[in-house]
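Novice: I'd like to ask you about the structure that follows.
The values are calculated or read from the model by the stated rules, or taken from the named source; none is laboratory data. In this text, all values refer to a predicted model and were calculated from it rather than measured experimentally. Positions of Cβ are backbone-derived with ideal geometry, glycine not excepted, and every protein chain shown enters the neighbour counts.
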Amino acid sequence: MTRFDELFDLQTIDSHKRRLLEFWKGERKTVYSCFASSHAYHYNLRDLTDEQIIEGATAHLEAQASMPGFNIPAFQANYKPISIASYWGGRIIKGTGNHIALEPIINRAADIRGIRQPVLEGGDVDRAAGIWRKLSDALSTDGLGCTDLDMQGPLSTLSMLWKQDDLILSMYEAPEKVHSMLEMVTDFILQIFDAMEDRIGKERMSGPFWPRIWLPREIGVELVEDFMPLLSPDLYKEFGLPYLKKISNKKGGIFFHCCGVFSQHYENLAKSKVNFIGLEYQYPFAKPDELYDHFGSSMAFCPILSYRGWNDFSGRLDFFRYLTGSQFKGMRQWFTLDEGDKDMWQQLFKTI
């Protein structure tokens, strides 16, 4: 098998890390990366053997070595959005394609009686760490990074455990029970972050597998906040922000992802005491001009052109060019390309 240091120049990796740290610290305005995304192991780790995952991960890293941009090689620990919630043991429901969900274990507020924080042993943390070690050994390296699991935020995790309509209703009728579960889930999320650091090494943690960015622990962590669009500003202020603040107090900055419409929360997000360092948004569900008006250069942005925005731009490059216009001067942005876009990078480089 090919050695890691035959695929990647270690000095180049160190140089890229230094430049990306400059970006996170506000000293660099724009960066870009390109991800080799055509390998099945990114999408269905739960259905593959260890040997199949290592084979796919190796092929991905070999392809990744030739990608342009600021790319930090890492094992992609994508065990799907159910990773954290699955520790409570809900039945896995398989949908179409690679989509899976969990059958809720809470159907009404009274069901939380007897629910305890789960143990870490035997779950996705151990699976990911085990594969990462086997892959590192196969590549003869101790320098391979590893992403976090699909780190759903406290509300998003709880929404997989608790029947969603009753969860929202309980925010009005039994708020103390919702807070009790959110405390438990938040503490467990922090345990997951710590456990990954213990098993992989804090210096090797490379941040989220989505979006395709590098976010070292010295800067912060990423969380998915896809339940946020379903709540009013008052509900999210009470049931969302305090738990992000608790995680931020322990882990530093928070980069968050939301693929829905969440403009109703911009004001509360901007005024909160959570150390938000960045977000990934999907156009047109979130508009860059509105985001810039509320957050300015206080955080970094990773823009994604959703299929709903295809009528507004001729393609991803046209979208990125728009975002580098004078109206967004000072906006810190990380542009992510996929393998099929790699020929675009030269034009993008000229743009930025």
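Novice: Given the structure, is R46 among the basic types (K, R), surrounded by fewer than 20 Cβ atoms within 10 Å (Cβ to Cβ), closer than 25 Å to G220 by Cα and in contact with a Lys or Arg (Cβ under 9 Å, 6 or more places away or on another chain)?
Specialist: The answer is no for R46.
Novice: Still on this structure, please answer the following. Looking only at the range 158-191, count how many residues are surrounded by 20 or more Cβ atoms within 10 Å (Cβ to Cβ), within 25 Å of the chain's Cα centre (by Cα) and more than 19 Å from S83 (Cβ to Cβ).
Specialist: 2
Novice: Please go through the range 221-236 and give me each residue that is part of a helix (DSSP H, G or I) and acidic (D, E), ordered by number.
Specialist: Of everything in the range 221-236, just one residue is part of a helix (DSSP H, G or I) and acidic (D, E), namely D234.
Novice: Give the residue that is nearest to the chain's Cα centre (by Cα), with candidates limited to residues of the range 117-133 that are in a helix (DSSP H, G or I) and among the charged types (D, E, K, R).
Specialist: Restricting to residues being in a helix (DSSP H, G or I) and among the charged types (D, E, K, R), the top hit is D124.
Novice: If you scan the range 1-24, which residues turn out to be touching a residue at least 40 places away in the same chain (Cβ under 8 Å) and part of a loop (DSSP other than H, G, I, E, B)?
Specialist: M1, T2, R3, F8
Here's the yes/no breakdown for (1) of a type in the set (A, V, I, L, M, F, W, C); (2) in a loop (DSSP other than H, G, I, E, B); (3) touching a Ser or Thr at 6+ places or on another chain (Cβ under 9 Å):
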position: V274; (1), (2), (3): yes, yes, yes
position: F285; (1), (2), (3): yes, yes, yes
position: Y292; (1), (2), (3): no, no, no
position: S298; (1), (2), (3): no, yes, no
position: I304; (1), (2), (3): yes, no, yes
position: S314; (1), (2), (3): no, yes, no
position: Y322; (1), (2), (3): no, no, no
position: G330; (1), (2), (3): no, yes, yes
position: D341; (1), (2), (3): no, no, no
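Novice: Being more than 19 Å from the chain's Cα centre (by Cα), closer than 26 Å to I192 by Cβ and at pLDDT 90 or above narrows it down to one of S248, S297, S272, S263, so name that one.
Specialist: Unique residue meeting the criteria: S272.
Novice: Taking I93 as meeting all but one of (1) touching a residue at least 60 places away in the same chain (Cβ under 8 Å); (2) part of a strand (DSSP E or B); (3) not charged (D, E, K, R), write down the number of the exception.
Specialist: Only one criterion in (1) touching a residue at least 60 places away in the same chain (Cβ under 8 Å); (2) part of a strand (DSSP E or B); (3) not charged (D, E, K, R) is unmet by I93, namely (1).
Novice: Look through the range 133-157, keep the residues that are hydrophobic (A, V, I, L, M, F, W, C) and over 16 Å from F193 (Cα atoms), and return whichever of them is surrounded by the fewest Cβ atoms within 10 Å (Cβ to Cβ).
Specialist: So, considering only residues that are hydrophobic (A, V, I, L, M, F, W, C) and over 16 Å from F193 (Cα atoms), the one surrounded by the fewest Cβ atoms within 10 Å (Cβ to Cβ) is A138.
Novice: For the condition charged (D, E, K, R), in contact with an Asp or Glu (Cβ under 6 Å, 6 or more places away or on another chain) and either within 27 Å of I304 (Cα to Cα) or modelled with pLDDT of 95 or more (or both), what is the one hit in R133, R46, R108, R127?
Specialist: Of the residues listed, the single one that is charged (D, E, K, R), in contact with an Asp or Glu (Cβ under 6 Å, 6 or more places away or on another chain) and either within 27 Å of I304 (Cα to Cα) or modelled with pLDDT of 95 or more (or both) is R108.
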